Amino acid sequence: MAPSGPVADAALVKRARRGDGTAFETLVRRHYRAAYAVALAMSGNAMDAEDVCQDAFMKALSRLDDCRHPERFVAWLLQTVRNRAHNVRDYQRIRAGVSLDHVNVSSPSDSARVVLRSELRARLEAAIAELPPRDREVVLLHDLEGWRHRAIATSLGTSEGRSRQHLFHARKRLRELLGPELVQEYLHD
Amino acid sequence: MTEEPVDFSPLDPTASAARFDAIVGAVMRQATSELRRRRIRHTVTGQIYRWRRPMLAAAAATAIVSGAALWQTRSQGATTESGVAEALGVPTQLAGWVRDNTVPSPEQLLFSLPEIDQ
């Protein structure tokens, strides 16, 4: 599970319940990537994943008083993400306004890097979409967000052993789909 | 099972600080009205306003119980003409709201508190 940081999640949740914007923003920044990992696993593409995350954080804020265990806010948040991801087609697209392809492009070499990363991103998304949903969620929570199997197992309601199996199968399949040359590109990026 | 982790950094939404700030900014803009609503709810006036119905319900229950007791007293020969609420010490203002079935404003509740304490 992600570390709670200097101010624990429980304290931040209680402050956010009283309308403390700084507390809520800290929760968003702290847990956005985990929420994104689950949203991406369930929706299969990055744009929908961002919309799902935004919607889930709004839903979580409106229902914050229903979070009975504030110290386990992230597990409750991720369940909200899963629920919202099921309705991904009903979401409105509220774009942040800055697309990954146009960030900090200041030179031809930077443009090439951005294009390369966009291609890698597209291939990763396509490969992830080939995985079963549970494998997707485990590999993203583990390799993208850095969660350990115990936390993943708790979040998914399964055992650590099953979590390890899902991770093993997911990585094996991704390597088959992406190929060793793509893995080498990552290493030299 | 000692496979190397897959590098998902191209998919990491926090990899670009500018982009991530924009994402968080969009979330916070959408959260503005809900956060404001919560702040209002937790002011003193907001707290009192939230308790208006339970307070009136309690006053109504008191009036009913008191009324029953007063009726019983009268039927045993009491001669006082005072109203149910006044006779049993329920504040006049509160009894009036119950009788008229009106919901007082937070300010009215606040000003009636000294009367309730008596």
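The values are calculated or read from the model by the stated rules, or taken from the named source; none is laboratory data. Source: prediction; values computed, not measured. All Cβ positions, glycine included, derive from the backbone under ideal geometry; neighbour counts span all protein chains shown.
Some values worked out for this structure:
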read-out: Qualifying residue in the stretch A:27-49 (condition: in contact with a Phe, Trp or Tyr (Cβ under 7 Å, 6 or more places away or on another chain) and modelled with pLDDT under 95); value: yes
read-out: Condition check for B:Arg41: facing another protein chain (nearest Cβ under 8 Å) and modelled with pLDDT under 90; value: yes
read-out: Set A:Leu144, A:Leu174: member being within 18 Å of A:Leu77 (Cα to Cα), surrounded by 19 or more Cβ atoms within 10 Å (Cβ to Cβ) and within 8 Å of another protein chain (Cβ to nearest Cβ); value: A:Leu144
read-out: Top-ranked residue of the stretch B:5-34 - restricted to ones that are part of a loop (DSSP other than H, G, I, E, B) and facing chain A (nearest Cβ under 8 Å), ranked as farthest from A:Met47 (Cα to Cα); value: B:Pro5
read-out: Yes/no for A:Ala10 being crowded, with 22+ Cβ neighbours inside 10 Å, within 19 Å of B:Leu35 (Cβ to Cβ), more than 7 Å from every other protein chain (Cβ to nearest Cβ) and not acidic (Asp, Glu); value: no
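Listed here are the residues, each with its yes/no results for (1) in contact (Cβ under 8 Å) with a residue 24 or more places away in the chain; (2) buried (at least 21 other Cβ atoms within 10 Å of the Cβ); (3) among the charged types (D, E, K, R); (4) outside any helix (DSSP H, G or I).
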{"residue": "A:Thr22", "(1), (2), (3), (4)": "no, no, no, no"}
{"residue": "A:Leu27", "(1), (2), (3), (4)": "yes, yes, no, no"}
{"residue": "A:His31", "(1), (2), (3), (4)": "yes, yes, no, no"}
{"residue": "A:Ala35", "(1), (2), (3), (4)": "yes, yes, no, no"}
{"residue": "A:Ala39", "(1), (2), (3), (4)": "yes, yes, no, no"}
{"residue": "A:Met47", "(1), (2), (3), (4)": "yes, no, no, no"}
{"residue": "A:Phe57", "(1), (2), (3), (4)": "yes, yes, no, no"}
